[in-house]
Every structure is written in structure tokens, then in C-alpha cells.
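S.K.: Structure in C-alpha cells, see below.
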Amino acid sequence: MEEALDVAAFDQAWTRHWPNSEPFGHRLRTSASPTWVRFHSLPESKRYASDDIEYEEVLLRHRTLLRELCATTATSTDDLRVITLSGSETPEPAERDGRLAAAFPRAEHWKSLPYDNGVPVDDGWLVHLYLTSTALDADDLRALLLLVADDVTEGVIIAPPGVEWLYHPYDGGGDVIAPDVATRLRLQKRHAAWLPS
């Protein structure tokens with residue numbers, strides 16, 4: 001039987017490690033800029049895969065970065081957290097895209113946040129964040145990374161249970177929010193060929 005996900009513990013860990021960062025992938029590079037680095041998922045910064053060989057390269061790069069991030073904090077690659085999202089104009093959590101829900105059917109609602117902090121909740125768009133667990137080599141994570149690669153879904157964040165680091169895959173690459181500057185520099189040096197030109 002699958003162990004229940006401790007959403008409250010994840011929320012506390014997020015607040016402890018990223019108190020000034022909203023869990024929106026595209027905004028993390030600003031709020032956590034000293035430890036942020038971007039890697040591209042295909043040679044020559046190609047954005048979308050054209051064949052199976054290129055899709056495997058996309059998966060290889062995502063998994064390599066995630067495995068090395070796990071190693072920096074002694075996190076098991078079998079115990080990762082994934083944030084996915086949906087959006088609506090109501091406080092009621094909206095269902096996620098069908099393909100996303102199929103990849104992670106047991107995802108639990110974590111919280112809902114206004115997309116734009118300057119707009120009152122009653123007048124703006126809400127982002128509903130869902131949390132689930134997975135393993136690095138699991139079929140569900142593979143499916144999710146391919147959905148991201150094809151720009152079917154966005155806003156995905158992958159993290160360890162303690163949220164010491166964050167990984168935001170997007171169509172074209174992945175943003176690493178490392179636990180510290182030394183880790184960021186190490187990853188940049190090790191995977192210099194994957195950096196944007």
C-alpha cells in the first residue's frame with residue numbers, strides 16, 4: 001500500500017528553505033538567483049526533440065541533473081516530490097490536464113495562489129498546486145518529462161522531500177535551484193556543454 005503523502009511537512013519545508021519564493025517555476029530564477037543555473041536539454045540549444053534519439057537525450061540530461069542534485073543532499077532517487085498545476089478563476093481547485101492527471105492520478109492539492117500578487121483573489125487567475133511523490137526512474141516521471149518537453153504542460157517543479165533544492169524542467173531545458181552556490185558552480189563546470197550559449 002502506498003504511503004500517504006505528508007503535504008503539511010512539505011509546505012513547512014518549502015517555507016523554511018524558500019520563504020521568499022513562490023512555487024512558480026518561471027519565477028524561481030529571479031527569487032533564488034545566486035543558486036540558479038539553466039541547462040539546455042538538446043545539443044546546440046535545440047528546443048524540441050525530433051526523434052526518439054533526441055527524446056532519450058532530453059531524458060538523459062534531466063535524469064543526470066536530478067541524480068546529481070540528489071547526491072548533494074543524500075536524497076534517495078526513489079523519494080522525490082513533484083509539483084504540477086492547474087489554473088482557474090475560482091478558489092475551487094481545477095482539474096489538471098487529462099494527460100497530466102493520467103501521469104500522476106494520486107496527486108494531492110497542496111495550495112492555491114494568485115498568479116499575479118497585485119490582483120485580488122476575487123478578480124484574478126488562481127494557480128492550483130498539486131503535490132505527489134515519484135522515483136527518478138519511474139514511468140510516471142518519464143511521462144511527465146516528455147509532456148514538458150513537448151510543451152503540453154508547464155510549471156513543473158521536482159524536489160526532495162526536504163526541499164533543499166529545486167528542479168524546474170521546461171520545454172527546452174531545466175532550471176536548477178541548487179542548495180548552495182558551490183553546488184551550482186560544480187554542476188556548471190561538469191555540464192558546461194549543456195549551458196546556454
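The values are calculated or read from the model by the stated rules, or taken from the named source; none is laboratory data. Because the structure is a prediction, the values reported are computed rather than measured. Neighbour counts are summed over all protein chains in view; Cβ atoms, including those assigned to glycine, are modelled from backbone coordinates with ideal geometry.
S.K.: Among all residue pairs at least 6 apart or on different chains, which show Cβ distances below 7 Å where the first residue, located in the range 164-176, is more than 14 Å from Tyr55 (Cα to Cα) and without any contact (Cβ under 8 Å) to a residue 40 or more places away in the chain and the second is surrounded by fewer than 21 Cβ atoms within 10 Å (Cβ to Cβ) and of a type in the set (Gly, Ala, Ser)?
M.R.: Close Cβ pairs (under 7 Å, with a partner that is surrounded by fewer than 21 Cβ atoms within 10 Å (Cβ to Cβ) and of a type in the set (Gly, Ala, Ser)) do not exist here.
S.K.: Would you mind telling me which numbered condition in (1) of a type in the set (A, V, I, L, M, F, W, C); (2) more than 24 Å from Ser45 (Cβ to Cβ); (3) in contact (Cβ under 8 Å) with a residue 60 or more places away in the chain; (4) surrounded by 15 or more Cβ atoms within 10 Å (Cβ to Cβ) Phe104 fails?
M.R.: (3)
S.K.: Do you know which residues across the range 41-60 are closer than 18 Å to Asp137 by Cβ, surrounded by 14 or more Cβ atoms within 10 Å (Cβ to Cβ) and among the charged types (D, E, K, R)?
M.R.: If the condition is that a residue be closer than 18 Å to Asp137 by Cβ, surrounded by 14 or more Cβ atoms within 10 Å (Cβ to Cβ) and among the charged types (D, E, K, R), then Glu57 is the only one that fits.
S.K.: Within the range 78-92, can you find the residues that are surrounded by fewer than 20 Cβ atoms within 10 Å (Cβ to Cβ) and touching a His at 6+ places or on another chain (Cβ under 8 Å)? Before you say what the answer is, go through the steps one by one.
M.R.: Initially, the range 78-92 is screened for residues surrounded by fewer than 20 Cβ atoms within 10 Å (Cβ to Cβ), giving 78-79, 87-92.
Residues satisfying the conditions are Gly87, Ser88.
S.K.: Mind checking which residues of the range 148-162 are surrounded by 23 or more Cβ atoms within 10 Å (Cβ to Cβ), touching a helix residue (DSSP H, G or I) at 6+ places or on another chain (Cβ under 6 Å) and not in a strand (DSSP E or B)?
M.R.: Taking the range 148-162 and keeping what is surrounded by 23 or more Cβ atoms within 10 Å (Cβ to Cβ), we get 148-149, 157-160.
From the residues that got through so far, the ones that are touching a helix residue (DSSP H, G or I) at 6+ places or on another chain (Cβ under 6 Å) too are 149, 157.
Listed by number, the list holds a single entry, Ala149.
S.K.: Can you name every residue in the range 8-34 that is at pLDDT 95 or above and within 16 Å of the chain's Cα centre (by Cα)?
M.R.: Passing the criteria: Phe10, Asp11, Ala13, Trp14.
S.K.: Here is a list of conditions, (1) outside any helix (DSSP H, G or I); (2) charged (D, E, K, R); (3) crowded, with 17+ Cβ neighbours inside 10 Å, and Arg38 meets all of them except one; can you say which number that is?
M.R.: (3)
S.K.: Quick one: which residue in Ala159, Ala192 is of a type in the set (Gly, Ala, Ser), in contact (Cβ under 8 Å) with a residue 24 or more places away in the chain and under 25 Å from Ala74 (Cα atoms)?
M.R.: Residue meeting the stated conditions: Ala159.
S.K.: Let me ask something else about it. Residue by residue through the range 61-101, note down the ones that are of a type in the set (Val, Ile, Thr), within 15 Å of Asp139 (Cα to Cα) and outside any loop (DSSP other than H, G, I, E, B).
M.R.: In the first step, residues of the range 61-101 are kept if they are of a type in the set (Val, Ile, Thr); the result is 64, 72-73, 75, 77, 82-84, 90.
Narrowing the set further to residues that are within 15 Å of Asp139 (Cα to Cα) leaves 77, 82.
Of everything in the range 61-101, just one residue is of a type in the set (Val, Ile, Thr), within 15 Å of Asp139 (Cα to Cα) and outside any loop (DSSP other than H, G, I, E, B), namely Val82.
S.K.: Could you give every pair whose Cβ atoms fall below 9 Å, whose first residue belongs to the range 71-95 and is at pLDDT below 90, and whose second residue is among the aromatic types (Phe, Trp, Tyr), counting only separations of at least 6 or pairs across chains?
M.R.: That search, which allows pairs on different chains as well, returns Gly87/Tyr115; Gly87/Trp125; Ser88/Trp125; Glu89/Trp125; Pro93/Tyr130.
S.K.: Additional query: Residues to consider are Arg184, Arg142, Arg190; find the one that is under 17 Å from the mean Cα position of the chain (by Cα), at pLDDT 95 or above and closer than 23 Å to Val37 by Cβ. Explain how you work it out, then say what you get.
M.R.: Values: Arg142 fails: closer than 23 Å to Val37 by Cβ; Arg190 fails: under 17 Å from the mean Cα position of the chain (by Cα).
Going through Arg184, Arg142, Arg190 in turn, the sole match is Arg184.
S.K.: Which residue out of Leu185, Leu145 is assigned to a helix (DSSP H, G or I) and touching a residue at least 60 places away in the same chain (Cβ under 8 Å)? Please lay out each step first, then the result.
M.R.: Working: Leu185 fails: touching a residue at least 60 places away in the same chain (Cβ under 8 Å).
Residue meeting the stated conditions: Leu145.
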